[in-house]
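This report concerns only the one structure given below.
The values are calculated or read from the model by the stated rules, or taken from the named source; none is laboratory data. Computed from a predicted structure; not experimentally measured. Please note: Cβ atoms are built from the backbone with ideal geometry, for glycine as well, and neighbour counts cover all protein chains shown. Heavy atoms of the whole protein, side chains included, go into the accessibility calculation; ligands, DNA and RNA do not. Shrake-Rupley method; radii C 1.70, N 1.55, O 1.52, S 1.80 Å.
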Amino acid sequence: MRVHSYTAEDDRVARAIAEYCLARLSMDVPLDQTLTPQELLAQTGQTVLPEGLGGDEALRLWAEVLGPACLSVDHQRYLSFIPNAPTKAACYFDMLVAASNVYGGSWLEGSGAVHAENQALRWIADLAGMPAEAGGTFVQGGTIGNLSALVAAREAALARRGTRPLRWAVCVTGETHSSVKHALRVVMDADVVEVPGDARGRMTGSALRSTVEALDETVRDGIFAVVATAGSTNLGIVDDIAGIGEVAREHHWWLHVDGAYGGAGLAAESVRGLFAGVELADSFIVDPHKWLFAPFDACALLYREPALGRAAHTQHADYLDPVTVESDWNPSDFAIQLTRRARGLPFWFSLAAYGTDAYRDAVEQTLIVTRATADLIKRSDHLRLLVEPDLSVLVLERIGWTPADYDAWSAKLLADQIAFVTPTKHNGQVCTRFAIVNPRTTVADLEMIIDSMR
Ligand SMILES: Cc1ncc(COP(=O)(O)O)c(C=O)c1O
């Protein structure tokens, strides 16, 4: 069969791809541009054909058309959403993971990979002060991590109380990530109890307590968890995890800490204190593909009591049960997944190769740049810093600009290949934000962007 032989053509194309990868890893990447479906079709034509294009032509199309039509999220002036800035080691090891095609769902099939992933998870669990028994798995992203944790929380509540309430409910704030609210409303059909945030959108223990005390008893009865955000996406603010955790303990609610973006801050001494109380978490997530320098896609999902994750997520089937032994550490048992690539391996390799001190320093570097830029903004007559940063997100207003001005400025920055910075909203007002997770981003980079707003 042509597709499973390894011919001279395969060898040539494989080497060309390896060359392409090495060049991409060592170059200063361009930002690149989004194209429309029509523009892409005009350049590629139909690529999936009965006779095949041949590897050389398919690779040419990637290198000349498709690749440049994907924004480089690892560009040092890509500051929108939450960027991604993988280490070189994590990227080149990802190539090895692909070539090895490791099955990461069970210990039986992937013990070496799962062992390595678990050591990387242990580093995170230790940073969070979770107990020695804590553990979990790497899932696709924060969305699946949050959903898997909340499903485990609900199953644990059901097992404890024995009956379902009228409606299940979870306490969140306006700044809680959309993936949590989507998981609750759409996937789990559970209600959202919104706790008002403080002036910076932060959930505090006292606001949680007073919100819940004011609820109708039937609503309160259905609460099974509270989600604390350790680094809100838009503002980078960390909730009062200790205060929230105390209220959660009193009510026997599950405390889930969503550190998808900000959890990486645990590695940095200068902000560690903001996370006080994270050690109380029943579940905790952090995305290495956000601020822990791993390529897409990887979310570390940790349970204080992994048995509760397993009770919720182990799939049973005649063909699975004889091989998925409960005493084995099967990553599939801890989340909404069965087949999985060993997606934690690039992160593990990079941690193992560079050491955790390098991670600490890299996270601190982004915080240093954030603070210096916050000072720059405060000194700029044309700008106003809207929220004092906790972590590495800056939200700012260009005084006098309309939403259309932000759009035009943002589009021009990208068209000129200077930066990718998009508008956002804060308290209903259009503004912009810089999310700084790339240690290669410099204060000079940010100065250039600030100057472009004059
Ligand atoms: C706080 C927070 N939680 C969850 C998510 C969702 O993560 P993902 O996009 O990896 O699914 C994000 C994404 O930005 C986030 O910032």
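Being within 16 Å of the ligand (Cβ to nearest atom) and more than 30 Å from W329 (Cβ to Cβ): is that true of V192 here? The answer is yes for V192. Of all the listed residues (T163, T176), the sole one being modelled with pLDDT of 95 or more, open to solvent by less than 50 Å² (accessible area, probe 1.4 Å), among the β-branched types (V, I, T) and more than 19 Å from H289 (Cβ to Cβ) is T176. When residues in the stretch 295-309 are screened for being more than 11 Å from the ligand (Cβ to nearest atom) and in a loop (DSSP other than H, G, I, E, B), 3 of them pass. In the stretch 401-425, the qualifying residues are those that are assigned to a helix (DSSP H, G or I) and open to solvent by 50 Å² or more (accessible area, probe 1.4 Å), and the one that is nearest to G174 (Cα to Cα) is P403.
Within the stretch 203-217, one or more residues are part of a loop (DSSP other than H, G, I, E, B), at pLDDT 95 or above, farther than 14 Å from Y303 by Cα and charged (D, E, K, R). Condition check for V323 on (1) touching a residue at least 24 places away in the same chain (Cβ under 8 Å); (2) open to solvent by 30 Å² or more (accessible area, probe 1.4 Å); (3) closer than 25 Å to T441 by Cβ: one failure, at (3).
In this structure, H182 does satisfy being assigned to a helix (DSSP H, G or I), within 16 Å of the ligand (Cβ to nearest atom) and within 18 Å of A149 (Cβ to Cβ).
Of all residue pairs spaced 6 or more apart or on separate chains, none has beta-carbon atoms under 7 Å together with a first member in the stretch 334-363 that is more than 19 Å from C91 (Cα to Cα) and open to solvent by less than 20 Å² (accessible area, probe 1.4 Å) and a second member that is basic (K, R) and in a loop (DSSP other than H, G, I, E, B). How many residues does the stretch 218-241 contain that are within 15 Å of the ligand (Cβ to nearest atom), open to solvent by 10 Å² or more (accessible area, probe 1.4 Å) and either outside any loop (DSSP other than H, G, I, E, B) or closer than 11 Å to V193 by Cβ (or both)? Count: 0. For E388, the conditions (1) open to solvent by 70 Å² or more (accessible area, probe 1.4 Å); (2) in contact (Cβ under 8 Å) with a residue 12 or more places away in the chain; (3) not in a loop (DSSP other than H, G, I, E, B) are fulfilled apart from (3). Looking at V212, is it closer than 30 Å to Y103 by Cβ, hydrophobic (A, V, I, L, M, F, W, C) and touching a helix residue (DSSP H, G or I) at 6+ places or on another chain (Cβ under 8 Å)? Judged against the criteria, V212 is not a match. State all residues of the stretch 281-301 that are in contact with a His (Cβ under 9 Å, 6 or more places away or on another chain) and either under 28 Å from R249 (Cβ atoms) or open to solvent by less than 10 Å² (accessible area, probe 1.4 Å) (or both); if no residue qualifies, say none. Of everything in the stretch 281-301, those that are in contact with a His (Cβ under 9 Å, 6 or more places away or on another chain) and either under 28 Å from R249 (Cβ atoms) or open to solvent by less than 10 Å² (accessible area, probe 1.4 Å) (or both) turn out to be A281, D282, S283, F284, I285, A298, C299. Anything in the stretch 426-450 that is within 28 Å of P86 (Cα to Cα) and loosely packed, with under 14 Cβ neighbours inside 10 Å? List them, or say none. Correct list: A444 only. Within the stretch 96-153, the residues that satisfy the criterion of being part of a helix (DSSP H, G or I), open to solvent by 50 Å² or more (accessible area, probe 1.4 Å) and either within 16 Å of the ligand (Cβ to nearest atom) or under 22 Å from K290 (Cα atoms) (or both) are L96, A98, Q119, R122, D126, T143. Looking at L53, L35, L40, L66, just one residue is part of a loop (DSSP other than H, G, I, E, B), aliphatic (A, V, I, L, M) and within 30 Å of T424 (Cα to Cα), and that residue is L35. Against the numbered list (1) out of contact with any strand residue (DSSP E or B) (no Cβ under 7 Å at 6 or more places or on another chain); (2) over 15 Å from G145 (Cβ atoms); (3) open to solvent by 10 Å² or more (accessible area, probe 1.4 Å); (4) within 16 Å of the ligand (Cβ to nearest atom), G265 comes up short only at (3). Please work out which residue is farthest from the ligand (Cβ to nearest atom), limiting yourself to the stretch 58-95 and to residues that are within 17 Å of the chain's Cα centre (by Cα) and of a type in the set (F, W, Y). In this case the residue turns out to be Y78. Among the residues of the stretch 184-194, the one identified as crowded, with 17+ Cβ neighbours inside 10 Å and closer than 23 Å to K425 by Cα is V193. The residues listed here are V247, V257; of these, the one that is more than 15 Å from the ligand (Cβ to nearest atom) and open to solvent by less than 10 Å² (accessible area, probe 1.4 Å) is V247. Across the stretch 76-86, a minimum of one residue is classified as open to solvent by less than 30 Å² (accessible area, probe 1.4 Å), out of contact with any helix residue (DSSP H, G or I) (no Cβ under 9 Å at 6 or more places or on another chain) and modelled with pLDDT of 95 or more.
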